[in-house]
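What follows is a set of notes on a single structure, which appears directly below.
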Amino acid sequence: MTATALADRAAAGYSARYGAEPDGVWFAPGRVNLIGEHTDYSGGFVLPFALGSGVAVAAGRVPGGALTLCSRQEAGEPVTVAVDALRPGVTAGWEAYPLGVAWALREAGWRPGGTRMAVDANLAMGAGLSSSAALECATGLALCELHDLRVTRAELAALASRAENDFACAPTGIMDQSATLLCHAGHALLLDCRSGATEPVQLDPGAAGLALLVIDTGARHQLTDGRYGERRRSCEEAARQLGVSSLREITDRPDEVELLSDSRLRRRARHVVSENRRVLDAVALLRRGALGDVGPLLTRSHASLRDDFEVSWPEADVAVDAALAAGALGARMMGGGFGGSVLALVPEDQRDAIEAAVDAAYAERGWAKPAASLAVPSESARRLR
Ligand code: GLA
């Protein structure tokens, strides 16, 4: 389903639910992270790109100061909350993400007014493709445009991230919100999470006879379950013990990691420091037009996430190994870990064989067939109607 078709369906959902036409429909894409995993909250480098699929929010202004929300993907009656009554803890379901954005806007001094919204999505939830950031940012764009709030995209990314951390209680970094708001079609986005500086980096797998495959392993994850937060705290503790403000500070002095006496902290820090280096190496290769050579970096990233950071999961390891054995140039788990998707860089003409090899490896273990799809670097969030 195209983004335009999704926008039409969201508008129809709005009309069916509220008996009126929406004032507009806003769309925010999910993201793939080419490389740079678990580096963002340590001020490091990431290299995501926007997908063609994502979340659409059909929205309309209404008198008064209440927000009303419903979603095609969630059963039940619409949720209504007054903007003035928003505070963390007021809600814990899916609506915490969009309501959190209204709360963060209000906290920053903006006044989103009464709004009705109907949410729709063509992106798998919990698949490690950042459906929550897409939901937050589509909502944020809708509220800003409907109520004439002049928030820049970089500010909105920061506010959506605040919503996710302080309202939805998922202690995540800034990568996903930045990706959905700041990426460009045909490009990945090099984001320096310390300075906020961004740079588009051309990424055209098709031109190189290659394809980026997203394999949804079917295992599901929750960024609020404590394991993600534990990794984040370990990185902060490692930085503290090394006397630096974040692990980013020792990107050029990787040996300092070995000074950590605790072996667990040492492995966590080793992942972050080596991953930052891999992002910069991947960018240098892309700038030389050598996408194929990025493959081994992806595979090393996976090994590091599996062995040192310990956030991989069995279905991801099996998919990575099977894809590599069948001819993928590189493969790795993506996102926060413990569930979600694997990314594989494959020669276009071997795509079918590689997918079949992964399917066979899953079948051998009695696991359900994983869903594979092509990831094409696409446009960032925008108004569609
Ligand atoms: C999740 C978080 C991001 C980032 C990744 C891991 O997607 O939302 O901020 O930390 O995990 O790279």
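Being within 18 Å of L67 (Cα to Cα) and in a helix (DSSP H, G or I) is the filter here; which residues of segment 165-178 pass it?
Quick first cut of segment 165-178, residues within 18 Å of L67 (Cα to Cα) only: 167-168.
Result: F167, single match.
For segment 104-121, which positions are open to solvent by 10 Å² or more (accessible area, probe 1.4 Å) and closer than 14 Å to A157 by Cα?
Scanning segment 104-121 gives a single hit, A108.
Of all residues in segment 157-171 being aliphatic (A, V, I, L, M), open to solvent by less than 10 Å² (accessible area, probe 1.4 Å) and in contact (Cβ under 8 Å) with a residue 40 or more places away in the chain, which is nearest to the ligand (Cβ to nearest atom)?
Per the stated criteria, the residue is A170.
Go through segment 301-312 and give me each residue that's touching a strand residue (DSSP E or B) at 6+ places or on another chain (Cβ under 8 Å), open to solvent by 20 Å² or more (accessible area, probe 1.4 Å) and not in a loop (DSSP other than H, G, I, E, B).
Within segment 301-312, R306 is the sole residue that qualifies.
For segment 122-154, name all the residues that are away from the ligand (no atom under 16 Å from the Cβ), farther than 23 Å from A66 by Cβ and either open to solvent by less than 10 Å² (accessible area, probe 1.4 Å) or in a helix (DSSP H, G or I) (or both).
Across segment 122-154, the qualifying residue is only R153.
If I filter segment 175-222 down to residues being open to solvent by 30 Å² or more (accessible area, probe 1.4 Å), in contact (Cβ under 8 Å) with a residue 12 or more places away in the chain and among the small types (G, A, S), which single residue comes out as farthest from E379 (Cα to Cα)?
That would be G218.
Which residue is nearest to A142 (Cα to Cα), if the candidates are limited to segment 172-186 and must be near the ligand (Cβ under 6 Å from one of its atoms) and not acidic (D, E)?
Within segment 172-186, the match that is nearest to A142 (Cα to Cα) is M175.
Going through L247, L345, L298 one at a time, which residue ends up being within 16 Å of the ligand (Cβ to nearest atom) and either of a type in the set (S, T, Y) or under 21 Å from the mean Cα position of the chain (by Cα) (or both)? Explain how you work it out, then say what you get.
Numbers: L247 fails: either of a type in the set (S, T, Y) or under 21 Å from the mean Cα position of the chain (by Cα) (or both); L345 fails: within 16 Å of the ligand (Cβ to nearest atom).
It is L298.
Considering segment 23-65 alone, what residues qualify as being farther than 19 Å from Y97 by Cβ and away from the ligand (no atom under 16 Å from the Cβ)?
Residues satisfying the conditions are D23, G24, G52, G60, R61, V62, P63, G64, G65.
Within segment 89-100, is there a residue that is within 16 Å of the ligand (Cβ to nearest atom), outside any loop (DSSP other than H, G, I, E, B) and touching a His at 6+ places or on another chain (Cβ under 8 Å)?
no
Which residues, counting only those in segment 238-254, are among the small types (G, A, S) and either in contact with a helix residue (DSSP H, G or I) (Cβ under 7 Å, 6 or more places away or on another chain) or assigned to a helix (DSSP H, G or I) (or both)?
A238, A239, S245, S246, listed by residue number.
Can you run down the residue pairs with Cβ atoms below 9 Å, 6 or more apart or on separate chains, where the first is in segment 325-338 and surrounded by fewer than 20 Cβ atoms within 10 Å (Cβ to Cβ) and the partner is assigned to a strand (DSSP E or B) and not β-branched (V, I, T)?
Short answer, once both residue conditions are applied: G327/P347.
The values are calculated or read from the model by the stated rules, or taken from the named source; none is laboratory data. Only a predicted model underlies this, so the values are computations on that prediction, with no experimental measurement involved. Neighbour counts run over all protein chains shown; Cβ positions are idealised from the backbone, glycine included. Just so you know, the surface numbers come from the protein's heavy atoms only, side chains and all, with ligands and any DNA or RNA stripped out. Shrake-Rupley method; radii C 1.70, N 1.55, O 1.52, S 1.80 Å.
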